[in-house]
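The values are calculated or read from the model by the stated rules, or taken from the named source; none is laboratory data. Treat the numbers as computed from the prediction; the structure is a model and nothing was measured. Note: ideal-geometry Cβ built from the backbone for every residue, glycine included; neighbour counts use all protein chains shown. Surface areas here come from the heavy atoms of the whole protein model, side chains and all, with no ligands, DNA or RNA. Shrake-Rupley method; radii C 1.70, N 1.55, O 1.52, S 1.80 Å.
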Amino acid sequence: MSNKKNSIWSFFASVKLALFVLFFLAIASVIGTVIPQNAPPDAYINEFGANMARFFQILDIPDMYNSWWFIGLLIMLALNLTICTIERLPNVWRLVVQDNLETDIDRLAKMRPSKEILTSLSPEEAANCARASLAENGWQAKEAPRDAGILLFAQKWPWTRFGVYVVHTSILVIFAGAMIGSHFGYKGSVMIPETRSSDTIYSFNNQEPIKLGFEVLCKRFTLTHYANGAPKEFRSDLAILENGKEVLTKSIVVNDPLTYKGHTFYQSSYQSYKKFLISLTDNQTKQAETFLIEPGKEIKWPVEDVTFGIINREMTETPFLYKYKVWFKDGTGVAEPFWITDGDTTTVKRNGKEYTFALKEFFATGLQVTKDPGVWYVYTGCMLMLLGLMVAFFLSHRRIWVYIKQEGDETSVLVSGNANKNRPTFEKNFDAVNRSLEEKIKAAPETT
Amino acid sequence: MTSSQLLGISTLGYLVASALYIATLIFKTKKSGIAASVVTLITFLVQTVGIGLRWYESYHLGFGHAPLSNMYESLVFFSWAIVIFYLILEVKFNNRLIGAFAIPFAFISMAYASFGKGITQEISPLIPALQSNWLIAHVITCFIGYAAFAVACGLGCMYLVKSSAEDKPDAGLIGTLPGLKVIDDIIHKTIIFGFLWLSAGIITGAIWANSAWGTYWSWDPKETWSLITWFIYAATLHARFTRGWQGKRIAWLAIIGFLSVIFTYFGVNFLLSGLHSYGSS
């Protein structure tokens, strides 16, 4: 135990340190909310002047939450939590497992609450009353002969003494999860145009390409609006390709990502190109082709002798949904224009020929890609924290002793109890046992 | 009746209730105390119906969602949570005088929702980032916590008022307040309750952020301020549990903690920029 007595150990074991660290973390955290984070260096010079900007640079203020000193504070907190726990746990463990039937009898009378009842019943009869009262109120008693008397003991929820350590451990688990995430995971993004796929994403940290080991295909991106013009939904129909073969498809929206092999793909943005995707099929020959076209240009499909183009657009009755006027001609006769709504498919009937014509505005979907193997540790930590807080705040270790001893021609029944928290609630429990015991003693027939 | 009429009546109701609670404190009249409780309870019911009706109306507009999606709706819910929390306290501790330090918060919140600059009362559809069940869990957990902290702050003020007049304990209105030990105990319990819900609020927010953006924590100003608030209350609880702090110190910490809550709630929206911008109008 001598090494535990050294000053570094006791420094980290103190609750004072915890208070200081919490205080400094709170103060330090404010800085990063007031001074913009991760802005380009010039922004700091413009806003705060060159000297201040240099000062910020030295203290890592522009990326404050990853700075050595902020991480240092978090490490202090973690060390403090760990050492506090190591320091106090053995004691708590002893309190939880100890044999309370060996409690010093002299201490019982000094406990709060405690109460002595004198009765003319024999000790054994009084003990029977005590056993019954405890059992009636949900207390399971053990007993042992002590100093020519009988000691009964019952307790509830001794393990709740661990609650606060569960909370402390949960914070360490969350830290561990965050470290696992930052060491073995990454965050990046990728823009994938419709009908294209990508096997690479770009890291947020340094824009370095990261190979996924499989491909993500964006089959289709749709954007819908509310009547007031606010965006209603961003939806990407994605597929995962392994060696060019589709192994998984999912339509993702914000708040509903796709996960594959530890990578999660989040809908985060989109890009519009003022271009259109046309897919055209000759229903007889089954000849099909996809075109990426700009409006106002004449497009030729030589295989089928088809020429077409977009010549006009109008908003439909649905706000922000457009329909397009398409000019269409093939070998069978003169050009016939028709209207088609964005995203629709229509059949174009010509003299003896039939085509399936689909049009949609061309987008690229912006995906955020995360690999975070630590996230489940973080969630586990969060659940442990809530559980631990509830136990630590609302449950207490409650103990009741009843010591029965012959005192001259009377029997003394000493009822004592204690709880480590929420004493008023415990006192109600205690009074209930006491009341029931007094009634039983009064009602018991005298044998002498 | 429309929801906005009902919520307008609630604003008025909480004003009357606040006045009655304060009158009870000053004039020590039992009748005004009962009237205050009755008005509060009725207003609370009207407000509950108002919130429910607003929810229903949103379905009529074609984009139904729980009324917890913008500054106006959060203020209404904040006041609702303060009132239900207070009412439970009133019954549990059988003391009406706390109302003078709690119901005014509910009124201020409603008044600010109704008349505050730049706060739109319109029911608007949810943008994609908000289309999540975590929205409901997150807002409810946070605001139950905030409501408890508001009441703790009111109790802290009450404690300081009472203790500043300690030498003349039964003088005037101060004498009618609950004993210092009782107030201290209620402050402590209220902070514990709020802390648990704030923790749950931060956690549900983190889970939501992770399901929307793939990051459970990004040191966004709102997140950071909620954590600062959490640190303050965590320190308060440790100071009490392990160093035996109580009385004035805890009362001040209850007030400081609530200032941090207020800054997390409003200050971040108006003074700092970040991901939570949709909460600002």
- Note on the structure: Per the list (1) farther than 20 Å from A:L134 by Cβ; (2) in a helix (DSSP H, G or I); (3) free of Cβ contacts under 8 Å to residues at least 24 places away in the same chain, residue check on A:L384 breaks on (3)
- Message: Against the definition (in contact with a strand residue (DSSP E or B) (Cβ under 6 Å, 6 or more places away or on another chain) and open to solvent by less than 40 Å² (accessible area, probe 1.4 Å)), how does A:L108 come out, yes or no?
- Response: yes
- Item | the stretch B:210-235, subset more than 7 Å from chain A (Cβ to nearest Cβ) and either acidic (D, E) or touching a Ser or Thr at 6+ places or on another chain (Cβ under 6 Å) (or both), residue farthest from B:Q246 (Cα to Cα) | B:D220
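One line per residue, one yes/no per condition, for (1) away from every other protein chain (no Cβ under 14 Å); (2) within 10 Å of the chain's Cα centre (by Cα):
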position: B:N70; (1), (2): no, no
position: B:L75; (1), (2): yes, yes
position: B:W80; (1), (2): yes, yes
position: B:L87; (1), (2): yes, no
position: B:A106; (1), (2): yes, yes
position: B:G118; (1), (2): yes, no
position: B:I127; (1), (2): no, no
- Selected residue (criterion: nearest to the other protein chains (Cβ to nearest Cβ)) from residues of the stretch A:227-253 that are out of contact with any Phe, Trp or Tyr (no Cβ under 7 Å at 6 or more places or on another chain) and small (G, A, S): A:A230
- Options B:A254, B:A235, B:A212, B:A200; residue that is in a helix (DSSP H, G or I), in contact with a Phe, Trp or Tyr (Cβ under 8 Å, 6 or more places away or on another chain), small (G, A, S) and open to solvent by 10 Å² or more (accessible area, probe 1.4 Å): B:A235
- Task: Sort out which residues of the stretch A:391-448 are in contact with an Asp or Glu (Cβ under 8 Å, 6 or more places away or on another chain) and modelled with pLDDT under 90, and write them in order of number.
- Result: A:A444, A:T447
- Message: Of the residues A:A18, A:A43, A:A39, only one is within 14 Å of another protein chain (Cβ to nearest Cβ) and touching a residue at least 40 places away in the same chain (Cβ under 8 Å); which?
- Response: A:A18
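With touching a residue at least 40 places away in the same chain (Cβ under 8 Å), surrounded by fewer than 21 Cβ atoms within 10 Å (Cβ to Cβ) and either in the same structural domain as B:K92 (by TED's automatic domain parsing) or not acidic (D, E) (or both) as the only criterion, which of B:L12, B:L25, B:L41 stands out?
Sole residue among the options that is touching a residue at least 40 places away in the same chain (Cβ under 8 Å), surrounded by fewer than 21 Cβ atoms within 10 Å (Cβ to Cβ) and either in the same structural domain as B:K92 (by TED's automatic domain parsing) or not acidic (D, E) (or both): B:L41.
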- Task: Only residues that are surrounded by 13 or more Cβ atoms within 10 Å (Cβ to Cβ) and not in a helix (DSSP H, G or I): list them for the stretch A:49-77, please.
- Result: A:L59, A:D60, A:S67
- Only one of A:F265, A:F291 is assigned by TED's automatic domain parsing to the domain that holds A:T347, among the aromatic types (F, W, Y) and part of a strand (DSSP E or B), namely A:F291
- Message: Quick check on the stretch A:298-314: of everything there that is without any contact (Cβ under 8 Å) to a residue 24 or more places away in the chain and touching a Pro at 6+ places or on another chain (Cβ under 8 Å), which residue is least open to solvent (accessible area, probe 1.4 Å)?
- Response: A:G309
- Item | Pick from the stretch B:130-171, criterion of a type in the set (A, V, I, L, M) and at pLDDT below 90, ranking: surrounded by the fewest Cβ atoms within 10 Å (Cβ to Cβ) | B:A171
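Give the stretch A:175-198 a look and list any residue that's more than 29 Å from the chain's Cα centre (by Cα) and assigned to a strand (DSSP E or B), or say none. Working first, answer last.
To start, the set of residues in the stretch A:175-198 that are more than 29 Å from the chain's Cα centre (by Cα) comprises A:193-198.
Those that are more than 29 Å from the chain's Cα centre (by Cα) and assigned to a strand (DSSP E or B): A:P193, A:S197, A:S198.
Just need a number here: residues in the stretch A:8-29 that are polar (S, T, N, Q) and open to solvent by 30 Å² or more (accessible area, probe 1.4 Å). Break it down stepwise before answering.
Initially, the stretch A:8-29 is screened for residues polar (S, T, N, Q), giving A:10, A:14, A:29.
Next, from what is left, pick out any that are open to solvent by 30 Å² or more (accessible area, probe 1.4 Å): A:10, A:14.
Selection size over the stretch A:8-29: 2.
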- Query: Can you name the residue in the stretch A:254-297 that is open to solvent by 30 Å² or more (accessible area, probe 1.4 Å) and β-branched (V, I, T) and is also nearest to the other protein chains (Cβ to nearest Cβ) among such residues?
  - Reply: A:T259
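Would you confirm whether any residue within the stretch A:218-233 is within 28 Å of the chain's Cα centre (by Cα), closer than 20 Å to A:Q271 by Cα and at pLDDT 95 or above?
Residues of the stretch A:218-233 that are within 28 Å of the chain's Cα centre (by Cα), as a first pass: A:231-233.
Going one step further and asking which of them are closer than 20 Å to A:Q271 by Cα, we end up with A:231-233.
With at pLDDT 95 or above added as a condition, the list becomes none.
The answer is no, given that none of the residues of the stretch A:218-233 is within 28 Å of the chain's Cα centre (by Cα), closer than 20 Å to A:Q271 by Cα and at pLDDT 95 or above.
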- Query: Cβ-Cβ below 9 Å, separation at least six or inter-chain, first residue in the stretch B:102-128 and assigned by TED's automatic domain parsing to the domain that holds B:S18 and within 11 Å of B:V76 (Cβ to Cβ), second assigned to a loop (DSSP other than H, G, I, E, B) and open to solvent by 30 Å² or more (accessible area, probe 1.4 Å): which pairs?
  - Reply: B:A113/B:Q121; B:S114/B:Q121; B:I119/B:S281
- Item | Subset of the stretch B:76-114 [part of a helix (DSSP H, G or I), open to solvent by less than 10 Å² (accessible area, probe 1.4 Å) and of a type outside the set (F, W, Y)] | B:V76, B:S79, B:A81, B:I82, B:V83, B:G99, B:A102, B:I103, B:A106, B:S109, B:M110, B:A113
- Determine which member of the set A:N80, A:N100 is under 30 Å from A:A178 (Cα atoms), among the polar types (S, T, N, Q) and open to solvent by less than 20 Å² (accessible area, probe 1.4 Å). A:N80
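Name the residue, out of A:Y377, A:Y322, A:Y355, that is among the aromatic types (F, W, Y), within 14 Å of chain B (Cβ to nearest Cβ) and either farther than 30 Å from A:K156 by Cβ or touching a strand residue (DSSP E or B) at 6+ places or on another chain (Cβ under 6 Å) (or both).
Details: A:Y322 fails: within 14 Å of chain B (Cβ to nearest Cβ); A:Y355 fails: within 14 Å of chain B (Cβ to nearest Cβ).
None of the others qualify; the one that does is A:Y377.
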- List, please: which pairs have Cβ atoms under 8 Å, are six or more places apart or on different chains, and start with a residue in the stretch A:400-422 that is farther than 24 Å from A:P158 by Cβ and end with one that is open to solvent by 10 Å² or more (accessible area, probe 1.4 Å) and among the basic types (K, R)? A:T411/A:K405; A:S412/A:K405
- For residues in the stretch A:387-430 being assigned to a helix (DSSP H, G or I) and of a type in the set (K, R), which is surrounded by the most Cβ atoms within 10 Å (Cβ to Cβ)? A:R423
- Note on the structure: The residue that is surrounded by the most Cβ atoms within 10 Å (Cβ to Cβ), considering only those in the stretch A:357-381 that are of a type in the set (G, A, S) and not in a helix (DSSP H, G or I), is A:G374
